[in-house]
Amino acid sequence: MKADTNISADARGLRVAIVTSVYHAEVTHAMERDAVAEFVRAGGEASQVMRIEAPGAFEVPLLVDAALARADVHAAVAIGCIVRGETTHDRHLGMAVTCELSRISVARGKPVGLAVLTVENMAQARARAGGEVGNKGTDAMRAALACVRRCEEIRR
């Protein structure tokens, strides 16, 4: 299913953190690059993107939480790539990471855009990192920005 690309996102005056797992860097760095480009397209300044590298997907939530603890960070985008292996490790890892990111977002009251892929193989990952399925880094940034603005509206 293709995400709605008509979501209104406005990055003017915002600062965001992008936490990117370096595991499967070919995929994650492509998503990070397009997430930054989306932030700039939405009116943000590239200098207002805090880029943080994580060793793997499991470490992403801790670093997202640390970034969102800063008063000057309005949202975060979590980027990672979990590929199915011979065991059920991928399912446990994917569930742990996504549940924790959701908990952090609610606890901090700040959006976390989710671009942690859970795929069967690297071909599927590449398709979601700028290939025929689009770029989930772009989608996650757009969602995070839209949620920042929606939260502002609700809180007014």
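How many residues, within the range 47-57, are over 13 Å from the mean Cα position of the chain (by Cα) and surrounded by 17 or more Cβ atoms within 10 Å (Cβ to Cβ)? Qualifying residue count, the range 47-57: 1.
For the range 103-123, does any single residue satisfy the condition of being of a type outside the set (A, V, I, L, M), more than 22 Å from Arg15 (Cα to Cα) and surrounded by fewer than 18 Cβ atoms within 10 Å (Cβ to Cβ)? Checked against the condition, which is being of a type outside the set (A, V, I, L, M), more than 22 Å from Arg15 (Cα to Cα) and surrounded by fewer than 18 Cβ atoms within 10 Å (Cβ to Cβ), the range 103-123 yields at least one hit. Ser105 passes every criterion in (1) in a loop (DSSP other than H, G, I, E, B); (2) of a type in the set (Gly, Ala, Ser); (3) touching a strand residue (DSSP E or B) at 6+ places or on another chain (Cβ under 8 Å) apart from (1). Taking (1) outside any loop (DSSP other than H, G, I, E, B); (2) out of contact with any Gly (no Cβ under 6 Å at 6 or more places or on another chain) in turn, Asp72 satisfies each apart from (1).
Would you be able to say whether some residue in the range 61-78 is more than 19 Å from Ser8 (Cβ to Cβ), surrounded by fewer than 24 Cβ atoms within 10 Å (Cβ to Cβ) and of a type in the set (Lys, Arg)? Looking through the range 61-78, at least one residue is more than 19 Å from Ser8 (Cβ to Cβ), surrounded by fewer than 24 Cβ atoms within 10 Å (Cβ to Cβ) and of a type in the set (Lys, Arg). Please find, within the range 74-102, the residue that is modelled with the lowest pLDDT out of those that are in contact with a strand residue (DSSP E or B) (Cβ under 6 Å, 6 or more places away or on another chain) and among the small types (Gly, Ala, Ser). Among those residues, the one meeting the criterion is Gly94. None of Ile82, Ile52, Ile18 is closer than 16 Å to Val148 by Cβ and in a strand (DSSP E or B) except Ile18. Output yes when any residue across the range 63-73 is among the aliphatic types (A, V, I, L, M) and farther than 18 Å from Val148 by Cβ, and no when none is. Within the range 63-73 (the criterion being among the aliphatic types (A, V, I, L, M) and farther than 18 Å from Val148 by Cβ), the answer is yes, since at least one residue qualifies. For the range 15-33, the criterion of a residue being buried (at least 20 other Cβ atoms within 10 Å of the Cβ), at pLDDT 95 or above, over 21 Å from Thr98 (Cβ atoms) and hydrophobic (A, V, I, L, M, F, W, C) is satisfied by no position.
The values are calculated or read from the model by the stated rules, or taken from the named source; none is laboratory data. Just so it is clear, the model here is predicted, and its values are computed rather than measured. Using ideal geometry, Cβ is built from the backbone for each residue, glycine included, and neighbour counts are taken over all protein chains shown.
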